[in-house]
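Everything below concerns the one structure shown next.
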Amino acid sequence: MAKWGMVIDLDTCTGCQACTTACAMENNRLPSENWQDVLFYHEGTYPNVKLMWFPRPCMHCENPSCVSVCPTKATYKDPDGGFVLMDYNKCIGCKYCQVACPYGVRFYVDEKAVVQPDIRGVFPSEAGRQWDPPYKGPQDDPSRGIGIQPHGVVSKCTFCYHKVSKAPKGVADLDEDIPELKEYVPACVRVCAPKARFFGDLDQPNSNVNKMIADKRGVRLKDETGNKPQVYYLSGGATASVPSLRSMSDSDKG
Amino acid sequence: MTSVTVSNKEITSKQLGIMLLALIGLGIAGGIAISNLMAEGHAAYNSSNLGLFWGFPIVIYDYFLLTSTGLAMIASMALIFGGEDFRPIVRRALWLALAGLIGGVAVLMMELGHPLRALWAIPFSFAFSSPLYWKVMAVSFYVISLLILQARMMKADWRMQDLRINAMITLALALGVTAIAGVVYGSQSFRPFWASGDIPVAFIFESLLGGLAFIIFFTYLAYAFNAAAVPDSVKRLFNDRLSGLLALAIFIHLLFVLARMSSGLYGNAEGLQVWQTLATSPLFFAEIFIGLLLPLVLLMYPGTRIRPWAQILASLLVMNALLISRYEYIIGGQLVPLFKGSWAPELLSYAPSPTEWLLLLVAIFLSNAVNAFGEVTLGLGREG
């Protein structure tokens, strides 16, 4: 069994947001429902201000609190691959998983649209789904949270399950530079221009992702929560970095 | 010396009036709320993906749920420990527990993305790791237990000792529901504002406080606030026991709130900084000074504690304070988003939308209509 994981090299990431765009296109996400987001912030006060950014997909945790709290098992840990997925057919929209996720990577988009005009009004759907965009991905699997989302349910990043799960068995790394594997690479990894993202099997000691985590001392976000993310960050201190906890002084607020 | 100057017929007609008013209110508030929801969907609420996921409807639901369990605890403890003094209010408390729960659950159903799916998806999911699963299961058995107990008391000659087993089950379920409701929040270890082992216990005392306030207020309401019509047995109970218990419950709840506040103000953990905003807000001052301390004074001062107006006022103020308390706890725990907070120090802002306020009215009117229906049809004030 593979345990898929992602490594994001913050020294290489340029904050271009191609990953956000690719994810939205691949998964037909609504504007502002960024399964894969790049979050911008600043640290320090003028004149010593640094613009910072931080790419953040779902962490697909080993021990996800969102799965523990779900009262219908609509959100679950896929035993084959370690994905954390949503079953739209079981979700009741209680939002407990959103409350319990320490990373803010779950979305309930039945509320007011953050981005205007509301694209759901531009491309309305008559099939009980959020919208009906002109382009739709060929994959549609509501039991895994793939495809256009129905109303009243929570959504989240799938690690591009519809691609990764079709990869040849036993592959250690999914690298877009290997022609025969590139179709199985998650959209955000495949499109990353500065090659800051890597995707592979964390259960295979010789996988490139495991080597990078070991060699460059990969860290996990908010590891103190015990969720054990399967996304690791390499943070060398050049530009982007894993944000510290919120204990910023008033002067840092900007 | 007071005497009963109002006949049962007059009381029944006033209860019918209360039910009619509640139904009219329910029709108006519910009609507008449902029409807003039909037109706008969940956009009619002010919750968002920015971090405030559980808004005012959840506050309303938990408020009514916890009050319901408090009422059931009072009634079942009276039955278990043979408090014949409590006999005049036991049936009313049990029915009120059911009425309140109906109001709260109705609002919850309007907030859920798929309320009908929840009816089967939760019970058959066997999601044993989820506090919400246990909460729903406990609430289901709790409702059945309330109905059985009420049904067994329909006989004119019901005896307290015959109902002890039922009462013990009801008490256990009421305590279970309340404690699990506390676990839903208290188990969120990375939300320090919520997370604490004492939350289930604090919830139990809050429930009792709500139950006591509700039973006093709604007993007077059953007699259309005409103190002269209230039976002497009820007056004795209120003057001798319930006022004192209400004062004690206020004091204990106050201790829990102030203890949480002091540890919150001293603590540096992520999320606790909400206390710095909350503890200086007018709402918090209103809760502490008007909603809790003023009733405490009214109930402790011998000159006022036996006055019906003081008991009604104290109950009403406590009912409001508990709603504020629930709002501050549930909303406050989300004001610092778990992750976005790491670089966006500002607290989120939230205020209930007009539709959310209407849902509060829906819960109030629906509960009142159900309660008045019980008063009219079941003779809840009957002691025999």
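Below, the figures for the structure above:
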{"read-out": "Area accessible to solvent at residue B:66, 1.4 Å probe radius, in Å²", "value": "10 Å²"}
{"read-out": "Shielding by partners - mean other protein chain Cβ count within 10 Å, residues of A:110-121", "value": "3"}
{"read-out": "Pairwise FRET efficiency - residue A:141 versus residue A:180, Cβ, R0 = 25 Å, nearest 0.05", "value": "0.55"}
{"read-out": "Whole-percent carbon and sulfur share, accessible surface of the range B:201-248, 1.4 Å", "value": "65 percent"}
{"read-out": "Net charge of Cβ neighbours under 15 Å - reference residue B:212; Lys, Arg +1; Asp, Glu -1", "value": "0"}
{"read-out": "Accessible-area value, residue A:14, 1.4 Å probe, nucleic acids and ligands omitted, Å²", "value": "80 Å²"}
{"read-out": "Apportionment of accessible area to carbon and sulfur, the range B:63-177, percent (1.4 Å)", "value": "75 percent"}
{"read-out": "Chain B - accessible surface per residue (Å², probe 1.4 Å)", "value": "39 Å²"}
{"read-out": "Histogram of C-alpha separations across the range B:282-347, 5 Å bin width, %", "value": "4, 17, 19, 15, 12, 10, 7, 6, 5, 4, 2, 0"}
{"read-out": "Electrostatic dipole magnitude of the range A:119-167 [Cβ: Lys, Arg +1; Asp, Glu -1; Cα centre; debye, to 20]", "value": "220 debye"}
{"read-out": "Calculated over chain A: convex hull of Cα atoms, volume per residue (Å³)", "value": "140 Å³"}
{"read-out": "Length-normalised contact order of the range B:109-217 in % [C-alpha pairs under 8 Å, at least 6 apart]", "value": "20 percent"}
{"read-out": "Two-site label geometry, residue A:228 and residue A:25: point separation in nm, points 7 Å out along Cα→Cβ", "value": "3.6 nm"}
{"read-out": "Chain B, relative contact order [Cα under 8 Å, separation at least 6], %", "value": "32 percent"}
{"read-out": "Accessible area of the range A:11-87 belonging to carbon and sulfur atoms, whole % at 1.4 Å probe", "value": "56 percent"}
{"read-out": "With all protein chains modelled, accessible area of residue B:235 [1.4 Å, Å²]", "value": "40 Å²"}
{"read-out": "Residues losing 50 Å² or more accessible surface upon assembly, the range A:58-80, compared with the chain by itself, 1.4 Å", "value": "A:71, A:73"}
{"read-out": "Shape of the range B:123-282, Cα gyration tensor, a/c cut at 1.5", "value": "oblate"}
{"read-out": "Fluctuation leader among A:218, A:44, A:147 - chain A, Gaussian network, Cα springs under 10 angstrom", "value": "A:44"}
{"read-out": "The range B:56-206 - Rg and Dmax from Cα coordinates, angstrom", "value": "16.0, 53"}
{"read-out": "Shielding of B:118-130 by partner chains, average beta-carbon count, 10 Å", "value": "5"}
{"read-out": "Heavy-atom accessible surface that B and A bury in contact, both chains counted, 1.4 Å, Å² to 100", "value": "3700 Å²"}
{"read-out": "Relative contact order of the range A:40-81, pairs being alpha-carbon contacts under 8 Å that are 6 or more residues apart, as %", "value": "22 percent"}
{"read-out": "Cα centre as origin, Lys/Arg/Asp/Glu Cβ charges: the protein assembly as shown dipole, Debye", "value": "1120 debye"}
{"read-out": "Shape call, the range B:270-384: gyration tensor on alpha carbons, a/c limit 1.5", "value": "oblate"}
{"read-out": "Theoretical ellipticity at 222 nm over the protein assembly as shown - DSSP helices of four or more residues, -39500 (n - 2.57) apiece, nearest 500", "value": "-15000 deg cm²/dmol"}
{"read-out": "Cα convex hull of the protein assembly as shown, projected area averaged across orientations, nm²", "value": "30.4 nm²"}
{"read-out": "Centroid-to-centroid separation of the range B:348-371 and the range B:230-285 [C-alpha atoms, Å]", "value": "23 Å"}
{"read-out": "List A:182, B:155, ordered by accessible area with a 1.4 Å probe, largest first", "value": "B:155, A:182"}
{"read-out": "Shape category assigned to the range B:1-93 from the gyration tensor of Cα positions, a/c cut at 1.5", "value": "oblate"}
{"read-out": "Residue-span extension gain [residue A:41 to residue A:14] - 0.36 nm each, minus C-alpha spacing", "value": "8.3 nm"}
{"read-out": "Number of partner chain Cβ atoms within 10 Å, mean per residue of B:41-48", "value": "5"}
{"read-out": "Debye-sum result for the range A:107-177 in log10 I(q)/I(0), which assumes one identical scatterer on each alpha carbon, at q = 0.26 Å⁻¹", "value": "-1.31"}
{"read-out": "Pairs of Lys in the range A:90-221 closer than 17 Å at Cα, counting only those 8 or more apart or on different chains", "value": "10"}
{"read-out": "Simple spin-label estimate for residue A:219 and residue B:286 in nanometres, 7 Å along Cα-Cβ", "value": "4.4 nm"}
{"read-out": "Residues of the range A:1-90: accessible area per residue with a 1.4 Å probe, Å²", "value": "37 Å²"}
{"read-out": "Point-to-point label distance, residue B:269-residue B:28, nm (Cα→Cβ direction, 7 Å offset)", "value": "4.5 nm"}
{"read-out": "Under 10 Å, Cβ to Cβ, from residue B:374 - net charge with Lys/Arg +1 and Asp/Glu -1", "value": "+1"}
{"read-out": "Largest-first principal axis extents, alpha carbons of chain B, Å", "value": "67, 46, 39"}
{"read-out": "Coarse-grained scattering of the range B:121-167 at q = 0.31 Å⁻¹, given as base-10 log I(q)/I(0) from a Debye sum over alpha-carbon atoms", "value": "-1.08"}
{"read-out": "Stretchable slack from residue B:10 to residue B:301, in nm (0.36 nm times residue separation minus alpha-carbon distance)", "value": "101.4 nm"}
{"read-out": "P(r) weight above 20 Å for the range A:16-104, C-alpha pairs, percent", "value": "49 percent"}
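The values are calculated or read from the model by the stated rules, or taken from the named source; none is laboratory data. This is a predicted model, so every value here is computed, not measured. In this analysis, Cβ positions are derived from the backbone assuming ideal geometry, glycine residues included, and neighbour counts consider all displayed protein chains. For accessibility, only protein heavy atoms count, side chains too; no ligands or nucleic acids. Shrake-Rupley method; radii C 1.70, N 1.55, O 1.52, S 1.80 Å.
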